[in-house]
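*Asks:* Structure below; questions to follow.
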Amino acid sequence: MNQTMPMIRSKFVFLTLSLVALAIGFCNVGQNVFVYLGLPVGAILFGLFMIFQVLEKESTLFEEQQYSAQRLPQPRKVRRQTVSISKEAAQTPILTTAHSH
């Protein structure tokens, strides 16, 4: 199953519910108080739809990056070799001060 499918489905669920709520909010039923909740609920759901719409490309890019990061081989841990003091002294340059004349 594709990772973006739940996001696409929820995006269209928010759009559908917001349109239904806005339609209920705009109808003039009369004394029913719950009808007046249609406009704010519809606006909130439409805002959620817009957020999902804007972030769809970014979430797809993020998922691709995460997938590619998991497919790369893990870097090996480098073991530090133990070097004796005499070998280290032979490999280390001798530092001297420069004389100015």
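*Asks:* Which pairs do you get when a residue that is β-branched (V, I, T) and outside any helix (DSSP H, G or I), found in segment 16-40, comes within reach of a residue that is surrounded by 14 or more Cβ atoms within 10 Å (Cβ to Cβ) and at pLDDT below 85, reach meaning Cβ atoms under 6 angstrom, with the pair 6+ apart or on two chains?
*Replies:* Once the first residue is β-branched (V, I, T) and outside any helix (DSSP H, G or I) and sits in segment 16-40, its partners that are surrounded by 14 or more Cβ atoms within 10 Å (Cβ to Cβ) and at pLDDT below 85 give V29/V35.
*Asks:* Right, another one. Would you please name the residue that is surrounded by the fewest Cβ atoms within 10 Å (Cβ to Cβ), looking only at residues in segment 1-44 that are hydroxyl-bearing (S, T, Y) and either more than 23 Å from S59 (Cβ to Cβ) or at pLDDT below 85 (or both)? Reasoning before the result, please.
*Replies:* Within segment 1-44, the subset hydroxyl-bearing (S, T, Y) is 4, 10, 16, 18, 36.
Restricting the remaining residues to those that are either more than 23 Å from S59 (Cβ to Cβ) or at pLDDT below 85 (or both) gives 4, 10, 36.
Numbers: T4: 13, S10: 13, Y36: 11.
The residue in question is Y36.
*Asks:* Please work out which residue is nearest to the chain's Cα centre (by Cα), limiting yourself to segment 52-61 and to residues that are hydrophobic (A, V, I, L, M, F, W, C) and surrounded by 12 or more Cβ atoms within 10 Å (Cβ to Cβ).
*Replies:* Going through the qualifying residues, I end up with L55.
The values are calculated or read from the model by the stated rules, or taken from the named source; none is laboratory data. Note that the structure is a prediction, hence the values are computed from the model and not measured. Cβ atoms come from the backbone with ideal geometry, glycine included; neighbour counts cover every protein chain shown.
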